[in-house]
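The values are calculated or read from the model by the stated rules, or taken from the named source; none is laboratory data. On a predicted model such as this, the values are computed, not experimentally measured, just so you know. Note: ideal-geometry Cβ built from the backbone for every residue, glycine included; neighbour counts use all protein chains shown. The area values use the complete protein model at the heavy-atom level, side chains included, leaving out ligands, DNA and RNA. Shrake-Rupley method; radii C 1.70, N 1.55, O 1.52, S 1.80 Å.
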Amino acid sequence: MKQQAHVLETAIARHVRLPYLLSLPADYSSLPGRKWPLILFLHGAGERGLGDMALLRKHGIARVADERDLPFITVSPQCPPDTWWADYRPELLALLDHVAATQRVDATRVYLTGLSMGGYGAWHLAAENPQRFAAVVPICGGGVWAYGFPQKVQALKNTP
């Protein structure tokens, strides 16, 4: 019998563990009615791990948040070993939704940044969800021009 073409179309759920650091401004508790800006920081490849928060604190906002008070909420997730942020776009959106539901986040001031591998991830996440971010700052993340990405990144033409 000759081969016949078929298509599998199904939804697949997966369990994900995504450790993260959360920083709140020093006066967060004393201003209960205030909504705060949020910055999502995606680290580089060298900080991937299984919950080793010391790795996350090496660079970027995750490092600075331990050194001084910042006037915004910071969220710094940790990408699992041997994976890439581009593989975790739905999980990152779920994390943003979780933090917005549990903290007082100003939805009009959600910002995204990433360093190196996180810069690549920031490009991908923002290009597919431009309405979620007030601004995007990919740092040292490029080379994402395969798989139709030039057309996807056009969605960011009005995003600072």
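Brief remarks follow.
- Of the residues making up the range 1-33, those that are touching a residue at least 40 places away in the same chain (Cβ under 8 Å) and within 28 Å of Pro81 (Cβ to Cβ) are Val16, Arg17, Leu18, Pro19, Tyr20, Leu21, Leu22, Ser23.
- Scope the range 131-151; condition modelled with pLDDT under 80 and either out of contact with any Phe, Trp or Tyr (no Cβ under 6 Å at 6 or more places or on another chain) or open to solvent by 20 Å² or more (accessible area, probe 1.4 Å) (or both); matching residues: Gly142, Gly143, Trp145, Ala146, Tyr147, Gly148, Phe149, Pro150, Gln151
- With a requirement of 2 or more residues that are surrounded by 13 or more Cβ atoms within 10 Å (Cβ to Cβ) and in contact with a His (Cβ under 9 Å, 6 or more places away or on another chain), the helices (runs of 4 or more DSSP H) lying completely within the range 3-115 that satisfy it span 53-56, 60-67.
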